[in-house]
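Okay, structure first, notes after.
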């Protein structure tokens, strides 16, 4: 069930409706400037999948493993939920969580006690690093077991170019291709909990004796014209600005993966360009879902 909440370019090749015809690897991995009639995207890697017929409608450098920053947290959430730990169990923020997220800011003070559900909510919605680290640390068997489960889950999902070393995304050694991340988004979208938490616009938690409000890092969830099923943003210097989502356009579920966007607002602008292009295409060519490379 869907929940609703408030450079670079290659010559384009039109492909068959249900089959992605692969260009040579060296061609697929060159930057692209776009073509007339195609969305002029600024993200380095792009993958857009129409779930209605499993057709890839846009792809750029889709097989290249790249740092994925906080997109990692979708996998962290999946394995934590798979482990079946009580979501109402309190978890304390410890010096280990601060050390594991060194160099980043957090409003989760040492000694704060939040439920596992609250930590999941903050990790997915506001990309809270201490929350994600605490989830991994409190996983059965500890942080090492959590990372092992993340890599095992990636293999089970067919994410062949993916590798994780920690649960927050702060390490540039957490890598995946955009094609792999589409599989992760589809798996995450099957979880009502991840759907709800990742698309919530704001959430308040008790930290010591005060209430602290957190906000979603993706401005699109606050736009009532967007029907977003699941989403996650990410950023570290090595990964650039990243955004993944599953959304519904014109009644069709679409998975969008954007990696290494050029500027602070580019990933959102690229998502808007893709939506506009897709909706125009669906309106003018009903029933047709050819794939294009950009």
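The values are calculated or read from the model by the stated rules, or taken from the named source; none is laboratory data. The structure displayed is predicted, hence computed values, not measured ones. Virtual Cβ from ideal backbone geometry, glycine too; neighbours counted across all protein chains shown.
A quick yes/no check of all residues on (1) in contact with a helix residue (DSSP H, G or I) (Cβ under 7 Å, 6 or more places away or on another chain); (2) surrounded by fewer than 15 Cβ atoms within 10 Å (Cβ to Cβ); (3) at pLDDT below 95; (4) in a loop (DSSP other than H, G, I, E, B):
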position	(1), (2), (3), (4)
64	no, no, no, yes
72	no, no, no, no
76	yes, no, no, no
81	yes, no, no, no
105	no, yes, yes, yes
114	no, no, no, no
118	no, no, no, no
123	yes, no, no, no
127	yes, no, no, yes
* When you scan region 210-224, how many residues do you find that are part of a loop (DSSP other than H, G, I, E, B) and under 21 Å from residue 129 (Cβ atoms)? -> 3
* Asked: Which of the residues spanning region 83-103 are surrounded by fewer than 17 Cβ atoms within 10 Å (Cβ to Cβ) and not in a loop (DSSP other than H, G, I, E, B)?
  -> 83, 90, 92, 95, 96, 99
* When residues of region 172-209 are filtered for being part of a loop (DSSP other than H, G, I, E, B) and surrounded by fewer than 17 Cβ atoms within 10 Å (Cβ to Cβ), how many remain? -> 6
* Quickly run through region 269-294 and pick out the residues that are in contact with a strand residue (DSSP E or B) (Cβ under 7 Å, 6 or more places away or on another chain), modelled with pLDDT of 85 or more and either buried (at least 18 other Cβ atoms within 10 Å of the Cβ) or in a loop (DSSP other than H, G, I, E, B) (or both). => 270, 271, 274, 275, 278
* Asked: Does residue 251 satisfy being farther than 21 Å from residue 170 by Cα and modelled with pLDDT under 95?
  -> yes
* To do: Please go through region 250-268 and pick out each residue that is closer than 22 Å to residue 65 by Cα and part of a strand (DSSP E or B).
  => 254, 255, 256, 257, 258, 259, 260, 261
* Kindly indicate whether residue 192 is farther than 22 Å from residue 239 by Cβ and touching a helix residue (DSSP H, G or I) at 6+ places or on another chain (Cβ under 6 Å). => no
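For every residue, the table says whether it meets (1) more than 19 Å from residue 208 (Cα to Cα); (2) in contact with a strand residue (DSSP E or B) (Cβ under 6 Å, 6 or more places away or on another chain).
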position	(1), (2)
106	no, no
118	no, yes
121	no, yes
131	no, no
136	yes, no
144	yes, no
150	yes, no
158	yes, no
167	yes, no
